[in-house]
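Comments concern the structure below.
What follows is calculated from the coordinates using simple rules that are stated; it is not laboratory data. Quick caveat: nothing in here was measured; it's all calculated off a predicted structure. No Cβ is skipped: glycine too gets one built from the backbone with ideal geometry, and neighbour counts run over all protein chains shown.
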Amino acid sequence: MKFENVEKRFGDNVVLKDLNFEVAKGDRVTLIGPSGSGKTTILRLVMTLEELSGGYIYVDGEPLTHEVRNGKRVELGEKAQKQIRKRIGMVFQQFNLFPNMSVLENIIEAPVHVLGQSKEQATARAMELLESVGLPDKADAHPLELSGGQQQRVAIARALAMDPEILLLDEVTSALDPEIVGEVLGILRHIADTTDITMLIVTHEMQFARDVSNRVMMFDGGKVVEEATPEVMFTNPQHERTQSFLQAVLGNGEDQTGTR
Ligand SMILES: Nc1ncnc2c1ncn2[C@@H]1O[C@H](COP(=O)(O)OP(=O)(O)O)[C@@H](O)[C@H]1O
Ligand SMILES: [Mg+2]
């Protein structure tokens, strides 16, 4: 995946300006940075939930929403956008399950309607995924009958049901009770260990970031301030902005890099 001169404005607010970075296939990249630095916006752009104001995003060399044609920046047709969007999955802080559908219906919705799988095929895969996230008996439950941790596990299963090449994780444990965080992170660790899905991860769980990612990017004001391996980023950050940010996040006597 590649960001090329990406710009994102909300009205007069320029959130991302001339942003350039590449993510190789199978990379696990953690994005860190203060609130409002544009991390969620980056993920939402990849998920095509926000429209690019300028520049290009490529997935595996293919344009996501815009491309250069005859020297001009043009938007891809709806069909082409839909095609490439299938390859990307996202899990949100607030789960975002469809409340009016059962767990099973949530998971098979996109495989059936977007990928054209048969209901039987999608259901078989959904049951496998529910098993793998430890909820084989919740297929017929409705999301609001589940705890936050269970809902988030369903949301992870729903994202995986599309067999994504890229998985976007936006603070997926931030809305969970502390004692539930570990089980959700455990599932994500397992996915990281057993697949080659490219992951873009926004998290405050620095130990998780350290375990799972091979790159960490520090953002501030919509720009990459610093990029390093987790080892370097969390023990010897070079940039003053990163140092003060990590001190604030890891400080206060509470050791968030400690094992849970
Ligand atoms: N839908 C929106 N409308 C207007 N401004 C937005 C919207 N989404 C995000 N922003 C603004 O974009 C900036 C970056 O936000 P965000 O990407 O959510 O940051 P982060 O996830 O790093 O906290 C903030 O200034 C925020 O107010
Ligand atoms: Mg955010």
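Dipole magnitude for the range 205-247: about 60 debye, using +1 per Lys or Arg Cβ and -1 per Asp or Glu Cβ, origin at the Cα centre.
Extension gain, Ala80 to Lys25, is 17.7 nm, computed as 0.36 nm per intervening residue step minus the present C-alpha separation. If you build a Gaussian network model of the chain, linking Cα atoms that sit under 10 Å apart, which residue out of Val23, Val249, Val74 swings the most? Of the options given, Val74 has the highest mean-square fluctuation.
Extending 7 Å from the Cα toward the beta-carbon at both Ala175 and Glu51 defines two label points whose distance is 2.6 nm. Here each label is just a point 7 Å from Cα along the line to Cβ, and for Ser118 and Val224 those points are 4.6 nm apart.
Rounded to the nearest 20 debye, the dipole size of the range 98-163 about its Cα centre is 140 debye, using +1 on the Cβ of Lys and Arg and -1 on the Cβ of Asp and Glu. Computed over the range 1-94, the percent of Cα pairs more than 18 Å apart is 45. Maximal additional length on extending the Asp196-Leu144 stretch stands at 15.5 nm, based on 0.36 nm per residue less the C-alpha distance. Dipole check for the chain: with +1 at the C-beta of Lys and Arg, -1 at the C-beta of Asp and Glu, and the Cα centre as origin, the magnitude is about 760 Debye. Each stretch of four or more DSSP H residues adds -39500 (n - 2.57); spread over every residue of the chain, this sum gives -11000 deg cm²/dmol at 222 nm.
Does the chain come out rounded, prolate or oblate, given a ≥ b ≥ c as the square roots of the eigenvalues of its C-alpha gyration tensor, rounded meaning a/c under 1.5 and, failing that, prolate meaning a/b above b/c?
oblate
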